[in-house]
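In what follows, a single structure is set out as structure tokens and then discussed.
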Amino acid sequence: MHDALMIYFNGEKNAGLFLAGIGIAELAAAALLFRQELRSLAATIGVLALAEIALGLGLYLRTDPQVGRLVSQLCAEPARFYMDEGARMALVQRNFVIVQYVELAVVIGSAIVAIAQKARPGLTGIALGLVVSAAFLLAFDVVAESRGEAYLAAITGDAERYSASHPG
């Protein structure tokens, strides 16, 4: 179980750095685009890039303390670890489905607005910025969900083996 935990959370840390890095690149792109016609596109990408940077850094910074607590719990109270972490990850996985449908709705809705409102550059720029950011986050979350699925399967499998070898 320890290996599965480390693989999952190393992936989370790397994902946090990746998200923050993409946010920084988007911020630079927004700064360059701001001098062009669609300032609303640049502003939308810039604001969402700041959120991605904060989210990515938050994910990166919280991971090591979380891993430390979980490893300690796994060693000291394995039954509780399997119960608590299994329940947490099941909720995380359910939430990914909801978040992905919201991201997909934002992509579709914003793309429709961008096309239907081409005569309104401000609105079109905002819509295009939302399309770009939501599409990236959708891809990011699909990969994160896959990583979480593997971790949850490891928790579930180990919990069953632990229960079988430690009845009562």
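The values are calculated or read from the model by the stated rules, or taken from the named source; none is laboratory data. Fair warning: this is a prediction, and the values are worked out from it, not measured in the lab. Quick reminder, even Gly has a Cβ in these numbers, built from the backbone with ideal geometry, and neighbours come from all protein chains shown.
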query: For the range 50-94, what are the residues that are out of contact with any Ser or Thr (no Cβ under 8 Å at 6 or more places or on another chain) and closer than 14 Å to residue 19 by Cα?
result: 50, 51, 53, 54, 55, 56, 57, 58, 59, 60, 61
message: Out of everything in the range 113-136 that is free of Cβ contacts under 8 Å to residues at least 40 places away in the same chain and assigned to a helix (DSSP H, G or I), what residue ends up being farthest from the chain's Cα centre (by Cα)?
response: 116
- prompt: Looking at (1) under 14 Å from the mean Cα position of the chain (by Cα); (2) without any contact (Cβ under 8 Å) to a residue 12 or more places away in the chain; (3) over 27 Å from residue 5 (Cα atoms), can you tell me which one residue 62 breaks?
  reply: (3)
task: Could you tell me whether residue 110 is more than 14 Å from the chain's Cα centre (by Cα) and modelled with pLDDT under 95?
output: no
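Can you name the residue in the range 115-143 that is of a type in the set (Gly, Ala, Ser) and farther than 16 Å from residue 104 by Cα and, of all such residues, is surrounded by the most Cβ atoms within 10 Å (Cβ to Cβ)?
Taking the range 115-143 first, the residues of a type in the set (Gly, Ala, Ser) are 116, 119, 122, 125, 127, 129, 133-135, 139.
So of that shortlist, the ones also farther than 16 Å from residue 104 by Cα come out as 116, 119, 122, 125.
On the way: 116: 12, 119: 7, 122: 13, 125: 22.
Looking at residues that are of a type in the set (Gly, Ala, Ser) and farther than 16 Å from residue 104 by Cα, I get 125.
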message: List the residue pairs whose Cβ atoms are under 7 Å apart, where the first residue sits in the range 1-19 and is farther than 30 Å from residue 50 by Cβ, the second is in a helix (DSSP H, G or I) and among the aromatic types (Phe, Trp, Tyr), and the two are 6 or more positions apart or on different chains.
response: 4/151
- request: Report yes if residue 48 is closer than 20 Å to residue 139 by Cα and either under 12 Å from the mean Cα position of the chain (by Cα) or touching a residue at least 40 places away in the same chain (Cβ under 8 Å) (or both), otherwise no.
  value: yes
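Regarding residue 147, is this residue surrounded by 12 or more Cβ atoms within 10 Å (Cβ to Cβ) and out of contact with any His (no Cβ under 9 Å at 6 or more places or on another chain)?
So residue 147 fits the description; yes.
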